[in-house]
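Working notes for the structure below.
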Amino acid sequence: VQLQASGGGLVQPGGSLRLSCAASGSIYSINYMAWYRQAPGKQRELVAAIASSGSTNYADSVKGRFTISRDNAKNTVYLQMNSLKPEDTRVYYCKMVIRARTYWGQGTLVTVSS
């Protein structure tokens, strides 16, 4: 199984970006999908997660601004990021739990700057 993340880039404060992460390989069902982010020298932190039931949870710092969603037919998870702030500048990683094994994407850089 491989995860391919995309959608990062440079955006001005107040702007929007949508991240995507697609899984490929031997996949039957994906139990858990999530986005994490990490600043240099800091621990990776959970941004948002979505279970197979569709239930979601978000970090307090992104509630009301970010939305996680999934397309099971495409084995893809999305993160819609609105009202971006400079402090959202991080490398964003997707994570999926597939048949009790954890997989990570390669990371995509989001830079929020004027």
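Key figures for this structure:
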| quantity | calculated |
| --- | --- |
| Positions within segment 98-111 being modelled with pLDDT under 95 and either more than 18 Å from Ile27 (Cβ to Cβ) or touching a Phe, Trp or Tyr at 6+ places or on another chain (Cβ under 6 Å) (or both), in sequence order | Gly107 |
| Residue ID - farthest from the chain's Cα centre (by Cα), chosen from residues in segment 23-46 that are within 16 Å of Tyr93 (Cα to Cα) and open to solvent by less than 40 Å² (accessible area, probe 1.4 Å) | Ala39 |
| Total residues in segment 54-72, condition of a type in the set (Phe, Trp, Tyr) and more than 17 Å from Ser16 (Cα to Cα) | 1 |
| Candidates Ser29, Ser24, Ser52, Ser61 - the one that is of a type in the set (Ser, Thr, Tyr) and within 18 Å of Ala5 (Cβ to Cβ) | Ser24 |
| Residue within segment 98-110 that is within 18 Å of Gly14 (Cα to Cα) and surrounded by fewer than 17 Cβ atoms within 10 Å (Cβ to Cβ) present | yes |
| Scan of segment 55-67 for residues that are open to solvent by 40 Å² or more (accessible area, probe 1.4 Å) and more than 13 Å from the chain's Cα centre (by Cα), ordered by number | Ser55, Asp60, Ser61, Lys63, Gly64 |
| Subset tally (residues that are among the β-branched types (Val, Ile, Thr) and outside any loop (DSSP other than H, G, I, E, B)) for segment 1-50 | 4 |
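Per-residue answers, yes or no, for (1) surrounded by 15 or more Cβ atoms within 10 Å (Cβ to Cβ); (2) in contact with a strand residue (DSSP E or B) (Cβ under 8 Å, 6 or more places away or on another chain); (3) not hydroxyl-bearing (Ser, Thr, Tyr):
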site: Val1; (1), (2), (3): no, yes, yes
site: Ser69; (1), (2), (3): yes, yes, no
site: Asn75; (1), (2), (3): yes, yes, yes
site: Asn82; (1), (2), (3): no, yes, yes
site: Lys95; (1), (2), (3): yes, yes, yes
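The values are calculated or read from the model by the stated rules, or taken from the named source; none is laboratory data. None of the values given here were measured: they were computed from a predicted structure. Positions of Cβ are generated from backbone atoms using ideal geometry, with glycine treated the same way; all protein chains shown enter the neighbour counts. Surface areas here come from the heavy atoms of the whole protein model, side chains and all, with no ligands, DNA or RNA. Shrake-Rupley method; radii C 1.70, N 1.55, O 1.52, S 1.80 Å.
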